[in-house]
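Written below as C-alpha cells is the structure these notes are about.
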Amino acid sequence: MKSWTVKNTMLLLLLMMMLFSGCVPNDYLKGMAEDMNKEPLVMRITWKTYSGRGEAIQEIVETYNAMNENHLKVQLADGDEDLAVIETLLNKNSNVDIFVLPYRYIKYFGNHSQLLDLTSEFQAEKDYFYPNLWGLGVINQKTYGIPWLGHSICLLYNKTLLQKAGVDPETIKSVNDLATACAKVEEGTEAKGIGLVGANHNDISWMVNQFIYGFGSSLVDSNGTTVTINNGKSIAAIDFYKNTLGKYAQDTWKEDSGVEVMDYFREQQVAFEFQGVWGVTDIWKNGNPFKVGVIRLDDIGLLPEIGPMMLALPSNLSPDRKEEAICFIRYLISKEAQENILKGEYSPEHEAYYPFRIPVRNDLQDSDFFQLYPEFLSFSEGFKSPSIDVPVPQWQKIKDQYYAPGLHRVMKGELATEELLQTMEIEGNKILSEQENRR
C-alpha cells in the first residue's frame with residue numbers, strides 16, 4: 001500500500017471531529033473520502049526536475065494530465081541512479097508510484113521481489129519493441145520493466161575531414177575498412193584517425209564490449225550464471241581495439257574517457273568517434289563547425305552499446321494506483337509520447353531544443369523528426385542487435401573490481417589480455433556463484 005501521508009492524517013482527524021459534532025452531511029463525507037485517494041501519481045526520474053531533461057519530461061507529463069482529467073494527475077520527483085537509495089525507497093513504502101530505472105537494475109529488483117510483475121498488463125505492447133530490448137526487462141518469463149527511452153552508440157565521423165582525406169564513408173563496411181579510413185585521414189589531414197577510450201573508467205567497458213560482442217564473444221552465458229569472455233574471439237577483439245585502432249587514436253587515449261573523446265572530435269583533432277546522439281547535438285550546440293555523419297555499428301560488424309531506461313512499479317503499490325500507473329505508462333510508450341522525446345531539452349543559451357535520448361519503439365521511422373534527420377534512425381535501430389554492458393546485475397561488481405581496471409592496464413601494456421580474461425573467468429564466476437547461492 002502507498003504510505004499514509006500527513007495530509008491524510010489531518011483529513012482523518014478533521015473528519016472524526018465533524019462526525020462527533022454531528023454536523024457533516026453524507027455527501028460531504030463521501031467527497032472527503034474520495035479526495036483522500038486523489039493524491040497525484042509520483043514518477044521518480046533519474047535527473048533533477050528543474051534540469052533541461054526534467055523540464056522536457058515535464059512537458060510530456062503535462063500533456064498527459066491535460067488529456068486525462070478523469071485520471072490521477074502525475075507529478076515528477078527528482079532522482080538519480082543510486083542503487084542503495086532506490087532500494088530504500090522500494091522497501092519503505094515511499095510515495096513513489098513509478099520508477100524510471102536503468103535496465104541493469106530491473107532484473108536486480110525484480111529478482112528480489114521488489115517490483116510488480118507487469119507481464120499480463122503489457123502483452124500487446126511487446127511488438128512495439130525489438131525482442132532484445134524487451135528482454136532486458138524480463139526475468140524468469142516475468143516482465144518487470146517497460147522500455148521507455150534510451151541511447152545506442154554509433155560511429156560518428158567528420159564529413160569535412162573525410163572529404164579532405166578522400167575517404168568515402170559508403171566504403172566503410174568492416175572494422176578493417178575503418179582502420180584503412182583512419183590511416184587515410186592521418187595521411188591527408190592534420191587530424192588523428194579516431195578517438196578511443198582507455199582510462200580506468202566506466203566508458204572503457206562498454207566501448208571494448210562493442211568489439212567483444214562484434215567479434216562473436218560474450219560476457220556471460222544465456223543463463224547469466226557463467227563467465228564466457230575467456231576465449232580467442234575476445235582476445236582478437238581486444239587486440240584489434242588496442243593495437244590496430246590504437247595506432248590511429250589520439251596520443252592520450254590510454255588515459256581518456258568519453259568526455260575527452262568528445263572534446264577531440266568537436267575540436268576536429270580526430271575524424272571518428274563512438275558516441276550516442278549527444279555526440280551529434282554537441283556539434284550543433286557549438287556552432288556546427290562541420291557536418292556529422294553517422295554509421296551504424298552493425299554495418300561494420302560491431303554491436304552497439306545501449307542504455308535503455310525502463311518504467312517499473314514497486315511491488316507494494318495498491319491495486320487502484322497500479323491501474324492508474326499502468327494507464328500513464330501506456331501513454332509514455334505511445335507513438336505520440338515517444339515522438340515527443342525527440343523534441344529534446346531546451347537550451348536557453350542557444351534558444352533551441354536538442355535531443356538527449358531517443359525513443360525506443362521500433363515503428364517510428366515515419367515520424368517528422370526522422371524524416372527531417374534520417375541519420376538519427378541509425379541510433380534507434382541500434383536497439384535491434386545490441387551489446388549489453390551489464391548483462392546481469394552482478395556483472396556491475398565484476399566490471400568495477402576487475403574488468404574496467406584490467407582493461408585499462410591491458411591498454412597501457414601492464415597486463416596481458418590472456419591474464420585479464422583468465423582473472424575475469426575465475427573471479428567473475430566466484431561473484432556469480434555467490435549471487436546464485438543467495439537465491
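The values are calculated or read from the model by the stated rules, or taken from the named source; none is laboratory data. Small disclaimer: the values here were computed from a predicted structure and weren't measured. We place every Cβ from the backbone using ideal geometry, glycine too, and count neighbours over all the protein chains shown.
Any chance the stretch 159-174 includes a residue that's at pLDDT below 95, outside any helix (DSSP H, G or I) and on the phi > 0 side of the Ramachandran plot? Before the answer, list the steps.
The first filter runs over the stretch 159-174 and keeps only residues at pLDDT below 95, leaving none.
No; the residues of the stretch 159-174 include none that is at pLDDT below 95, outside any helix (DSSP H, G or I) and on the phi > 0 side of the Ramachandran plot.
Here are D127, D168, D177: which of them is farther than 22 Å from Q396 by Cα and assigned by TED's automatic domain parsing to the domain that holds I57? Show your work before the answer.
Working: D168 fails: assigned by TED's automatic domain parsing to the domain that holds I57; D177 fails: assigned by TED's automatic domain parsing to the domain that holds I57.
The match here is D127.
Consider the stretch 383-409. How many of its residues are touching a Lys or Arg at 6+ places or on another chain (Cβ under 7 Å) and in a helix (DSSP H, G or I)?
1
Checking the structure you have, find out if any residue of the stretch 109-132 is closer than 19 Å to I306 by Cβ, among the aliphatic types (A, V, I, L, M) and in contact (Cβ under 8 Å) with a residue 60 or more places away in the chain.
Within the stretch 109-132, not a single residue is closer than 19 Å to I306 by Cβ, among the aliphatic types (A, V, I, L, M) and in contact (Cβ under 8 Å) with a residue 60 or more places away in the chain.
Given Q163, Q114, Q123, which one is of a type outside the set (F, W, Y) and in contact with a Leu (Cβ under 6 Å, 6 or more places away or on another chain)? Quick ask: steps written out before the conclusion?
Values: Q163 fails: in contact with a Leu (Cβ under 6 Å, 6 or more places away or on another chain); Q123 fails: in contact with a Leu (Cβ under 6 Å, 6 or more places away or on another chain).
When all the criteria are applied, what remains is Q114.
Let's see how each residue does on (1) in contact with a strand residue (DSSP E or B) (Cβ under 9 Å, 6 or more places away or on another chain); (2) crowded, with 16+ Cβ neighbours inside 10 Å; (3) among the aromatic types (F, W, Y):
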| residue | (1), (2), (3) |
| --- | --- |
| F328 | yes, yes, yes |
| Y354 | yes, yes, yes |
| S367 | yes, yes, no |
| V390 | yes, yes, no |
| I398 | yes, yes, no |
| V410 | no, yes, no |
| T417 | no, yes, no |
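For the stretch 192-238, how many residues meet the condition of being at positive phi and modelled with pLDDT of 95 or more? First the steps, then the outcome.
Initially, the stretch 192-238 is screened for residues at positive phi, giving 216, 224.
Still in the running and modelled with pLDDT of 95 or more: 216.
Selection size over the stretch 192-238: 1.
Among the residues of the stretch 313-325, which ones are out of contact with any helix residue (DSSP H, G or I) (no Cβ under 6 Å at 6 or more places or on another chain), crowded, with 18+ Cβ neighbours inside 10 Å and either of a type in the set (A, V, I, L, M) or without any contact (Cβ under 8 Å) to a residue 12 or more places away in the chain (or both)?
Hits for the stretch 313-325 are L317, A325.
So which residues in the stretch 284-312 are in a helix (DSSP H, G or I) and surrounded by fewer than 20 Cβ atoms within 10 Å (Cβ to Cβ)?
The initial filter retains those residues of the stretch 284-312 that are in a helix (DSSP H, G or I), namely 284-285, 297-300.
Scanning the stretch 284-312 gives W284, K285, D298, D299, I300.
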